[in-house]
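K.L.:
This is the structure I want to talk about, given as structure tokens.
What follows draws every value from the coordinates through simple rules; no lab data is involved. Since the structure is predicted, the reported quantities are computational estimates derived from the model, not experimental observations. Neighbour counts are summed over all protein chains in view; Cβ atoms, including those assigned to glycine, are modelled from backbone coordinates with ideal geometry.
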Amino acid sequence: MNSHARRGFTLIELLVGIVLLSILMALAVPNFSEWIRNSKIRTTAESIQNGLQLARAEAVRRNTVVRFQLVNGACQMNENGPSWFVSLDEVTGECTIDPEEVAAPRGIQFRSGAEAADAKMQILSAGGVSSYVFNSVGRLVSTPSAINVTNGDIPGLTCKSAGGGVRCLRVVVSAGGQIRMCDPALPSSDTQGC
């Protein structure tokens with residue numbers, strides 16, 4: 001028996017290990033990319049849902065009308081977002097005002113679309129609605145609608161509900177002021193479906 005036994009790996013053992021690791025990585029990357037995409041869509045949808053819930057809660061707390069408004073980069077109301085503003089008054093052109101100020105639009109909170117998750121996310125309000133107005137009892141004054149969040153600017157990636165591989169989400173606002181996030185790819189009988 002050799003008292004000076006060698007320890008470590010041979011070159012062949014290292015190469016086999018590297019090849020196996022490469023194969024595992026090649027299999028994992030597509031799933032990881034899909035998970036990242038779906039995570040960004042969920043973060044954007046949760047941001048919108050939280051903004052709507054804030055507007056509703058503030059309307060009840062302040063006993064007055066509060067607006068959740070989808071706005072574009074120029075702070076003009078736009079049903080395609082990607083930013084949102086919760087305020088007591090219409091926000092058009094007033095996003096640069098600190099929400100803490102008392103002057104119009106008497107803002108409560110502003111969230112940039114790029115800050116929410118990813119500038120490539122696409123927000124589409126069904127029916128062209130860009131403003132959701134809640135009254136003092138938390139009911140929706142404006143038309144009930146839904147806001148769809150998709151993976152917008154990446155060609156070839158469509159929602160699962162349209163036969164693609166991306167899990168798009170929808171934030172639904174009912175006339176009674178109930179706000180919920182759902183997956184249009186799931187059947188309506190599913191609790192997470194639309």
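K.L.:
If R₀ is 41 angstrom, what is the calculated FRET efficiency for the pair S22 and S112, using the beta carbon separation as r and rounding to 0.05?
P.N.:
0.55
K.L.:
What is the gain in length, in nm to one decimal, between S33 and T191 on full extension, counting 0.36 nm per residue of separation less the C-alpha to C-alpha distance?
P.N.:
The S33-T191 span can extend by a further 54.2 nm.
K.L.:
Continuing with this model, one more query. How much length, in nm to one decimal, is gained on full extension between D89 and S142, taken as 0.36 nm per residue of separation minus their Cα-Cα distance?
P.N.:
Extra length from D89 to S142 when fully extended: 17.6 nm.
K.L.:
Same structure, new question: Can you give me the long-range amide H partners of V66? Hydrogens built in the peptide plane at 1.01 Å from N, cutoff under 5 Å, separation of 5 or more residues or another chain.
P.N.:
Placed amide hydrogens put F134 under 5 Å from V66.
K.L.:
Shifting gears a bit: Hey, what do the phi angles of the stretch 63-72 turn into as Karplus ³J(HN,Hα) couplings, whole Hz, using 6.51/-1.76/1.60 and θ = phi - 60°, x for Gly and Pro?
P.N.:
Taking θ as phi minus 60°, the curve returns 6, 8, 7, 10, 10, 10, 10, 7, 10, 8 Hz for the stretch 63-72.
K.L.:
Let me ask something additional. Quick one: what are the phi-derived ³J(HN,Hα) couplings along the stretch 37-48, Karplus 6.51/-1.76/1.60 with θ = phi - 60°, whole Hz, x for glycine and proline?
P.N.:
4, 5, 5, 5, 5, 5, 4, 5, 5, 5, 4, 5
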